Every structure is written in C-alpha cells, then in structure tokens.
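The values are calculated or read from the model by the stated rules, or taken from the named source; none is laboratory data. Predicted model, so just to flag it, every value in this text is computed and none were measured. Positions of Cβ are backbone-derived with ideal geometry, glycine not excepted, and every protein chain shown enters the neighbour counts. In case anyone asks, the SASA skips ligands and DNA or RNA and just uses the protein heavy atoms, side chains included. Shrake-Rupley method; radii C 1.70, N 1.55, O 1.52, S 1.80 Å.
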Amino acid sequence: KQEVTQIPAALSVPEGENLVLNCSFTDSAIYNLQWFRQDPGKGLTSLLLIQSSQREQTSGRLNASLDKSSGRSTLYIAASQPGDSATYLCAVSLRRGDKLIFGTGTRLQVFP
Amino acid sequence: GAGVSQTPSNKVTEKGKYVELRCDPISGHTALYWYRQSLGQGPEFLIYFQGTGAADDSGLPNDRFFAVRPEGSVSTLKIQRTERGDSAVYLCASSKQGNTEAFFGQGTRLTVV
C-alpha cells in the first residue's frame, strides 16, 4: 500500500530564507507527483506537477524535484516571504487518472 | 465557471440527518474526485467519476455514503444517517480526461452535532 510522508510537519522561518520541504513515498511505481498549497479554511491550489519521467519542475521561486527510485521529492522555496505561509501537501498518483494519495503536509510559517 | 465550485461552504447538521454536498467541476473536465479531510490530515480519497460512471468508489467508508454524477458534470455526495465522525471538510476536484493536474474546490465544511 502506497504511503506518503512529509517532513517536517511544521516549519517556522524568518523572511528571506531558502527552504526545502520533503516528501517520501513507499512505492516508487508512481505515475506523477503533485505539490499543493492549502491556506487555512481553503481548498488546495496546485503548485507543480511532475510526471514520473521528469526530474524537476520550476515555477517562479518554486522548484520541485523527483527521485523516483529512492521514493523522494523535494519542494524548494527560494527567498521565502510571509505570503508563503500555508500548509504544503504532496500527493502521488499511481496510474493515469487515478486518485491522489496525500501526505499529511508541512505547515510553514514565514515571519517578517 | 472559472474553477471548481462547491456548495454549501459550511453545513451544520444534527446526528442522524441526511445531507447532500454539491460539486460543480470546471467546464469540460471529465474526471471528478471527492476527498475528505480531517483536521491536521491530508485529504483522503472517497470516489472518482469518469464521465457519469463511478470508476473507483473504494474510498467510500460505508454504505451511508453515496455519490452521483448523472449528466457527467455536477456531482452530489450524499450522506445518510450522519454521525459525529463524519465531521470533516469534503473536497471536490476535477481534471481534464483524468490525466493532468487536479484542480480543487474550496470544500464544504460539514459539522455533525
């Protein structure tokens, strides 16, 4: 059974720091991996989608890498800002169109 | 519409009552997913529709939960004889042909008292 783990569970940093959030999954046979952001009381906003054949994706200050063989992904946030404060969730899909299996998230706080 | 729309945004109901939660996906998205999120947890899969049919309902916790998508667009999640343990945020997502990114609605916060 595929399990997704995110470390750390919570993180508090001063503005301007570069951050790395970690996601690991037990079964390397994934179809894709997606990173989401969730603000309190809100739904999920898709940040980056990495297909199993890809190694990384970038969007602005965000960079996500995927190492399928070791079952790991990292989300790198450059020059963090208070507006980045949210919970970050990673999720994997095992087949095309299949359900997403989520981690429990990393709660990030960036203080001024 | 521009995004996935869920109604109501909040629902408080008494134990034992019946509730319906509605999801309006992004126009043209054939795949629709329901998830449930408890406090401090990641979303957990409930059911997945491809068009009008349920392609995977393995996440429904018991037979009190049922979902329909009669015309391949709007979906309704129905919960009978609600229990306090059903309290959670129910999230709906849609994607184009079940392949690309999943886009989520704002969720319905269900509270059973």
- Message: Going residue by residue through region A:15-33, is there one that turns out to be among the small types (Gly, Ala, Ser) and either without any contact (Cβ under 8 Å) to a residue 12 or more places away in the chain or in contact with a Phe, Trp or Tyr (Cβ under 7 Å, 6 or more places away or on another chain) (or both)?
- Response: no
- Item | Given (1) closer than 24 Å to residue A:1 by Cβ; (2) surrounded by fewer than 15 Cβ atoms within 10 Å (Cβ to Cβ); (3) under 11 Å from the mean Cα position of the chain (by Cα), number of the condition residue B:78 does not satisfy | (1)
- Restricting attention to region A:14-49, report how many residues are among the aliphatic types (A, V, I, L, M) and within 11 Å of chain B (Cβ to nearest Cβ). 4
- Query: Quick one: would you say residue A:67 is surrounded by 13 or more Cβ atoms within 10 Å (Cβ to Cβ) and modelled with pLDDT of 95 or more?
  - Reply: yes
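Residues checked against (1) more than 22 Å from residue A:100 (Cβ to Cβ); (2) more than 11 Å from the chain's Cα centre (by Cα); (3) more than 9 Å from chain A (Cβ to nearest Cβ); (4) surrounded by fewer than 18 Cβ atoms within 10 Å (Cβ to Cβ):
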| site | (1), (2), (3), (4) |
| --- | --- |
| B:15 | yes, yes, yes, yes |
| B:19 | yes, yes, yes, no |
| B:22 | no, no, yes, yes |
| B:29 | no, yes, yes, no |
| B:49 | no, no, yes, no |
- Query: List pairs: first in region B:50-66 and closer than 23 Å to residue B:97 by Cα, second part of a loop (DSSP other than H, G, I, E, B) and among the small types (Gly, Ala, Ser), Cβ under 7 Å, 6+ apart or cross-chain?
  - Reply: B:50/A:97; B:50/B:98; B:51/B:72; B:52/B:72
- Note on the structure: Residues in region A:22-59 that are more than 26 Å from residue B:39 (Cβ to Cβ), open to solvent by 40 Å² or more (accessible area, probe 1.4 Å) and not in a loop (DSSP other than H, G, I, E, B) total 5
- Of the numbered conditions (1) at pLDDT 95 or above; (2) crowded, with 21+ Cβ neighbours inside 10 Å; (3) over 30 Å from residue A:7 (Cα atoms), residue B:36 fails exactly one; give the number of that condition. (3)
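Modelled with pLDDT under 95, polar (S, T, N, Q), under 24 Å from residue B:34 (Cα atoms) and open to solvent by 50 Å² or more (accessible area, probe 1.4 Å): is that true of residue A:5 in this structure? Show your work before the answer.
Details: modelled with pLDDT under 95: no; polar (S, T, N, Q): yes; under 24 Å from residue B:34 (Cα atoms): yes; open to solvent by 50 Å² or more (accessible area, probe 1.4 Å): yes.
Considered against the rule, which asks whether it is modelled with pLDDT under 95, polar (S, T, N, Q), under 24 Å from residue B:34 (Cα atoms) and open to solvent by 50 Å² or more (accessible area, probe 1.4 Å), residue A:5 comes out as no.
Kindly indicate whether residue A:91 is away from chain B (no Cβ under 11 Å) and closer than 21 Å to residue B:106 by Cβ.
Here the answer is no, as residue A:91 does not meet what is asked.
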